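K.L.:
Dumping the structure here so I can ask a few things about it.
The values are calculated or read from the model by the stated rules, or taken from the named source; none is laboratory data. The shown structure was predicted, so the numbers you read here are calculated from the model rather than taken from an experiment. Positions of Cβ are generated from backbone atoms using ideal geometry, with glycine treated the same way; all protein chains shown enter the neighbour counts.
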Amino acid sequence: MIAALPSQALIGLINGAFYALLSLGMAIIFGMLNVINFAQGAFYMIGAFLAWMLLHYFGVSYWTALLAAPLAVAALGIFVERLLLSRVYRLDHIYGWLVTYGLALMAESVFRFFYGVSGKPYSPPADLRGGIDLGLMFLPTYRGWVVLVSAVLCLAVWLAIERSRLGAHLRAAVENPVLVQAFGINVPRLLTLTYALGVGLAAFAGVLAAPIYQVTPLMGSQIIVVVFAVVVIGGLGSILGTVVTGFSLGLIQGVTKAFYPQAADLVIFVVMAAVLLALPAGLFGRR
Amino acid sequence: MTRIGTPFAIVAAISAAIAAPYLIYPEFLMQALCFALFASAFNLLFGYAGLLSFGHAAFFGAGAYTAAYLMTAVSESPLMALGAGMMTAGLLGAVIGGLAVRRSGVYLAMITLSLAEIVYFVALHASFTGGEDGLQGVPRGRLLGIVDLDDARAMYFFTLAVYAAGTATLYRIVHSPYGAILGAIKANEQRALSLGYHVSRYKMLAFILSAVLSGLAGALKALSLHFASLGDVYWHTSGDVILMTLLGGVGTLAGPSVGAFIVVALSDVLAQFGEWVNFILGGVFVLCVLLFRRGIVGEILARLPAAAAPAAKWRRWQSVEARER
């Protein structure tokens with residue numbers, strides 16, 4: 001049990017990395033567009049499938065896919081935002097949720113039709129095979145890479161929003177879109193870019209996940225419910241808060257798995273209920 | 001509708017309901033009626049209280065599993081099974097509702113979805129739920145020990161009676177002073193609060209009432225279709241019930257039932273296309289939200305000249321909603 005702890009904690013941290021990337025995307029999309037993007041899980045699944053398809057049909061390597069799949073999904077996101085989401089901004093938030101829920105159903109069903117529900121294997125790139133013996137545990141290189149690159153990416157997105165000029169425009173547009181538009185900044189284009197960035201992050205997580213889990217059409221609906229719980233626990237108020245919540249909940253889930261495997265699926269939801277009782281706005285939420 | 005129109009519509013609906021099992025496959029009708037009751041119960045929360053729960057499958061499934069378990073393991077009394085299903089769902093509604101009403105809007109939807117996921121995992125892992133298989137071969141029993149419900153038409157009329165009782169209850173709730181307060185909370189929560197209404201208690205009661213009737217629908221489904229399975233508690237079912245309500249007409253009494261019949265029929269007809277069912281349902285979802293938010297019944301009510309009063313009410317409600325944003 002104790003022997004399994006470090007490796008379960010690592011697996012938890014990897015899951016946490018995916019939760020963090022997905023909920024980070026969800027947080028910036030919600031901040032700008034006022035839309036809870038239910039399709040975040042579907043875009044994660046599409047990212048993983050694009051990586052698999054690129055390798056399987058065209059022999060394109062993991063490294064290219066890591067760049068190409070998020071870009072392709074971001075382009076798809078631009079299309080979705082312009083065509084559909086831009087029509088629901090003025091309505092109640094729940095309509096954005098419902099539109100993206102419909103989209104998620106459609107995406108999952110397309111991939112289920114062509115690829116069935118069985119998993120497609122995707123082996124990690126040659127440079128990242130093998131592992132390092134840390135003494136306490138054996139660290140497969142690929143898993144270390146996932147945690148590292150996700151943490152760096154989350155930090156980079158946070159810095160870009162907090163420190164860059166474009167990020168300043170974004171934050172200003174969240175506070176007062178009308179005024180920002182009056183200053184000559186193209187707010188609708190900012191909204192589109194934000195959505196593209198948010199779903200691109202999900203696709204990036206999908207490509208990262210492809211060598212760890214089997215690629216299946218169901219992977220999106222499996223992760224999205226947990227991501228929602230993470231978002232409720234963190235509260236959507238702070239970007240860094242969302243990232244920290246994602247990683248820590250993954251870790252909590254991993255540690256639970258080492259001690260009491262049956263509860264691992266449940267622990268995040270129980271934490272959510274407890275947080276709601278104590279802090280209804282979430283850990284980092286602004287109410 | 002006009003004063004003469006309403007009784008006429010009711011008489012037509014009743015005659016159609018009586019003739020239906022002789023014309024259409026009764027199993028299909030029973031399934032549609034169960035989902036019609038489920039969607040109507042969901043509509044109490046979404047349409048009249050303005051709370052979007054994305055976890056209603058938990059209540060439906062709790063009702064279904066409770067009834068199925070009692071019928072197979074304890075005693076073959078259908079009324080007791082329905083009652084127990086309602087009670088389980090009501091208790092669950094109190095717990096989930098109590099937590100969920102601490103937030104509102106999309107957060108409430110996320111919270112209900114996550115809490116319903118706990119119920120799903122219980123159904124998956126607990127010993128009395130049959131795991132992946134669910135509970136199959138549930139007997140229908142004899143109503144009050146007299147009427148044998150294994151007869152498809154007897155079961156159909158029993159289902160119809162329960163559905164009618166359920167929707168009549170909902171009608172009473174919506175048209176009671178309590179229903180009016182719910183409407184006030186939906187239109188302007190701050191103002192309802194400042195008038196001295198304990199808003200979260202009203203919301204929680206709406207949650208419990210909606211859960212009890214969803215549990216009734218689930219229990220009825222377990223009896224009429226002979227099974228309770230993981231599909232009943234899975235969040236896709238929560239999504240389906242939203243689609244039914246949206247398609248038929250949010251906040252109208254008949255809408256959810258109309259939507260349920262269409263979605264159940266659509267799933268039936270499209271079943272031959274396998275995976276494309278969800279694609280089409282998802283597409284209907286997107287179209288409904290973008291172009292058709294009043295739903296079928298809402299659209300009809302808005303266009304009927306005789307229905308000027310409800311239409312005006314709808315417009316007033318919309319303008320209130322527009323101001324809120």
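K.L.:
What do you reckon, is A:PHE204 surrounded by 24 or more Cβ atoms within 10 Å (Cβ to Cβ) and not basic (Lys, Arg)?
P.N.:
Yes, satisfied.
K.L.:
Taking B:LEU170 as meeting all but one of (1) at pLDDT 90 or above; (2) within 14 Å of chain A (Cβ to nearest Cβ); (3) within 26 Å of B:ALA67 (Cα to Cα), write down the number of the exception.
P.N.:
Among (1) at pLDDT 90 or above; (2) within 14 Å of chain A (Cβ to nearest Cβ); (3) within 26 Å of B:ALA67 (Cα to Cα), B:LEU170 violates only (2).
K.L.:
Now for a separate question. Among the residues of segment A:2-60, what is the count of those that are in contact with a Phe, Trp or Tyr (Cβ under 9 Å, 6 or more places away or on another chain) and on the phi > 0 side of the Ramachandran plot?
P.N.:
So the answer is 1.
K.L.:
Would you call A:GLY206 touching a strand residue (DSSP E or B) at 6+ places or on another chain (Cβ under 9 Å) and either part of a helix (DSSP H, G or I) or not hydroxyl-bearing (Ser, Thr, Tyr) (or both)?
P.N.:
Criteria met by A:GLY206.
K.L.:
Inside segment A:1-118, counting only helices (runs of 4 or more DSSP H) that do not spill past its ends, which hold 2 or more residues that are surrounded by fewer than 20 Cβ atoms within 10 Å (Cβ to Cβ) and free of Cβ contacts under 8 Å to residues at least 60 places away in the same chain?
P.N.:
Fully inside segment A:1-118 and qualifying: A:40-58, A:62-83, A:93-115.
K.L.:
Of the conditions (1) at the interface with chain B (Cβ under 10 Å from one of its Cβ atoms); (2) buried (at least 19 other Cβ atoms within 10 Å of the Cβ), A:LEU277 clears all except one; give me its number.
P.N.:
If we test A:LEU277 against (1) at the interface with chain B (Cβ under 10 Å from one of its Cβ atoms); (2) buried (at least 19 other Cβ atoms within 10 Å of the Cβ), just (2) comes out false.
K.L.:
Can you report the number of residues in segment A:248-287 which are under 14 Å from A:GLY235 (Cβ atoms) and not in a helix (DSSP H, G or I)?
P.N.:
Counting residues in segment A:248-287 that are under 14 Å from A:GLY235 (Cβ atoms) and not in a helix (DSSP H, G or I) gives 9.
Let's see how each residue does on (1) away from chain A (no Cβ under 14 Å); (2) in contact (Cβ under 8 Å) with a residue 12 or more places away in the chain:
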| site | (1), (2) |
| --- | --- |
| B:LEU51 | no, yes |
| B:ALA62 | yes, yes |
| B:ALA84 | yes, yes |
| B:LEU91 | yes, no |
| B:ILE146 | yes, no |
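K.L.:
A further question follows. Take segment B:88-118 and flag every residue that is aliphatic (A, V, I, L, M) and within 22 Å of B:HIS226 (Cβ to Cβ).
P.N.:
Matches in segment B:88-118: B:ALA89 only.
Residue by residue, here is whether (1) within 22 Å of A:ALA68 (Cα to Cα); (2) under 18 Å from the mean Cα position of the chain (by Cα) holds:
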{"residue": "A:PHE183", "(1), (2)": "no, no"}
{"residue": "A:TYR195", "(1), (2)": "yes, yes"}
{"residue": "A:ILE212", "(1), (2)": "yes, yes"}
{"residue": "A:ILE223", "(1), (2)": "no, yes"}
{"residue": "A:GLY235", "(1), (2)": "no, yes"}
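K.L.:
Another question, if that's okay. Restricting attention to segment B:242-259, report how many residues are among the β-branched types (Val, Ile, Thr), within 14 Å of another protein chain (Cβ to nearest Cβ) and outside any helix (DSSP H, G or I).
P.N.:
The qualifying residues number 1.
K.L.:
Considering B:LEU182, B:LEU205, which residue is aliphatic (A, V, I, L, M), over 15 Å from the mean Cα position of the chain (by Cα), over 19 Å from B:ALA67 (Cα atoms) and modelled with pLDDT of 90 or more?
P.N.:
On inspection, the qualifying residue turns out to be B:LEU205.
K.L.:
On to the next question. Is it fair to say A:LEU201 is under 23 Å from A:ARG90 (Cα atoms) and touching a residue at least 12 places away in the same chain (Cβ under 8 Å)?
P.N.:
Criteria not met by A:LEU201.
K.L.:
Pairs, please: C-beta under 8 Å, at least 6 apart or cross-chain, first residue closer than 20 Å to B:GLY218 by Cβ and in segment B:232-260, second of a type in the set (Asp, Glu)?
P.N.:
Pairs found: B:TRP235/B:GLU117.
K.L.:
Further question: Filter segment B:270-325 down to the residues that are more than 18 Å from B:ALA184 (Cα to Cα), within 8 Å of chain A (Cβ to nearest Cβ) and at pLDDT below 80 and list them by number.
P.N.:
The answer is B:GLY274, B:GLU275.
K.L.:
Whether any residue in segment A:119-142 is under 30 Å from B:GLU275 (Cα atoms) and more than 23 Å from the chain's Cα centre (by Cα) is what I want to check.
P.N.:
The answer is no; no qualifying residue exists.
K.L.:
Could you identify the single residue in A:ILE233, A:ILE224, A:ILE212 that is within 26 Å of A:PHE114 (Cβ to Cβ), facing chain B (nearest Cβ under 10 Å) and not basic (Lys, Arg)?
P.N.:
It is A:ILE224.
K.L.:
Return a yes/no flag: does segment B:118-131 have any residue that is within 26 Å of B:SER224 (Cα to Cα), more than 14 Å from every other protein chain (Cβ to nearest Cβ) and surrounded by 24 or more Cβ atoms within 10 Å (Cβ to Cβ).
P.N.:
Checked segment B:118-131: no residue is within 26 Å of B:SER224 (Cα to Cα), more than 14 Å from every other protein chain (Cβ to nearest Cβ) and surrounded by 24 or more Cβ atoms within 10 Å (Cβ to Cβ).
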